[in-house]
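Chemist: The structure is given below, and queries will be raised subsequently.
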Amino acid sequence: MLAGIATAMFMRQRRWWLSIHKAAGTLTAVCFLCGFTFAILMVGVSEEEHFRVTHAYLGLVTTTLAILTAFLGHIQFRIKNASGKIRALHRWSGRITLVFACTAVASGLQTAGIF
Ligand code: HEM
Ligand code: HEM
């Protein structure tokens with residue numbers, strides 16, 4: 001996700017920025033979905049109750065936002081008459097996803113007792 005965002009922010013003058021951003025952004029959504037699935041499985045195999053901790057909700061919101069952002073990224077090229085609005089929305093949801101992702105990682109480390 002960081003690589004994708006950094007490409008969009010700092011590499012825009014390069015011809016290849018969008019290909020890298022698209023690939024990194026799509027992979028971001030796939031990775032979040034895999035991580036989320038494994039988190040559910042991890043809690044399941046230890047026979048704990050699901051969505052017991054605040055971190056779980058942060059993870060759910062972050063994963064949803066990442067998928068939504070990637071979806072907006074793709075459909076801005078398909079819905080031509082609203083592409084400007086979708087693009088602005090995509091930029092904001094991308095930034096908000098980053099903030100939530102950092103918070104989810106920090107709260108995950110805290111939930112695991114690492115800090
Ligand atoms: C979770 C995945 C993604 C994240 C977090 C993300 C995030 C961002 C962010 C933060 C920006 C604005 C950068 C700036 O401030 O200059 C941006 C721009 C952009 N993204 Fe993404 N993106 C993602 C996936 C995608 C995908 C899959 C596509 C295309 C298929 C895409 C297409 C674009 C385009 C065209 C822009 C430029 C918009 C403009 O400023 O005109 N993004 N993205
Ligand atoms: C360094 C990063 C992370 C660590 C150390 C970590 C650690 C943990 C731990 C220990 C639990 C189990 C909590 C319990 O006892 O119920 C958990 C659950 C969970 N984590 Fe993370 N996590 C991290 C990042 C993330 C991220 C980035 C996401 C999603 C964006 C995420 C999503 C979830 C979800 C959804 C659950 C709850 C699953 C359920 O209740 O069934 N985690 N995590």
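The values are calculated or read from the model by the stated rules, or taken from the named source; none is laboratory data. As the structure is a prediction and not an experimental result, all values here were calculated from the model. When we count neighbours, we look across all protein chains shown, and the Cβ atoms used for this are built from the backbone with ideal geometry, even at glycine. Accessible surface areas use protein heavy atoms only, side chains included; no ligands, DNA or RNA. Shrake-Rupley method; radii C 1.70, N 1.55, O 1.52, S 1.80 Å.
Chemist: Can you work out which of the residues in segment 84-105 that are of a type in the set (A, V, I, L, M) and open to solvent by 50 Å² or more (accessible area, probe 1.4 Å) is farthest from ligand 1 (Cβ to nearest atom)? Full working, then the answer.
Modeler: Here is the first cut: in segment 84-105, the residues of a type in the set (A, V, I, L, M) are 86, 88-89, 96, 98-99, 101, 104-105.
Still in the running and open to solvent by 50 Å² or more (accessible area, probe 1.4 Å): 89, 96, 99, 105.
Working: 89: 10, 96: 9, 99: 11, 105: 15 Å.
Ranking the candidates gives 105 first.
Chemist: So residue 18 clears everything in (1) more than 13 Å from ligand 2 (Cβ to nearest atom); (2) more than 14 Å from the chain's Cα centre (by Cα); (3) open to solvent by 90 Å² or more (accessible area, probe 1.4 Å) except one condition, right? Which one?
Modeler: (3)
Chemist: Which pairs do you get when a residue that is farther than 21 Å from residue 72 by Cβ, found in segment 85-114, comes within reach of a residue that is surrounded by 17 or more Cβ atoms within 10 Å (Cβ to Cβ) and not hydrophobic (A, V, I, L, M, F, W, C), reach meaning Cβ atoms under 7 angstrom, with the pair 6+ apart or on two chains?
Modeler: As it stands, the answer is 107/55; 108/55; 111/55, since those pairs meet every condition given.
Chemist: For segment 40-83, how many residues are within 8 Å of ligand 2 (Cβ to nearest atom), open to solvent by less than 60 Å² (accessible area, probe 1.4 Å) and not hydrophobic (A, V, I, L, M, F, W, C)?
Modeler: The qualifying residues number 5.
Chemist: Under 8 Å between Cβ atoms, which residue pairs at least 6 apart in sequence (or on different chains) link something in segment 31-46 that is at positive phi with a partner that is open to solvent by 60 Å² or more (accessible area, probe 1.4 Å) and near ligand 2 (Cβ under 6 Å from one of its atoms)?
Modeler: none
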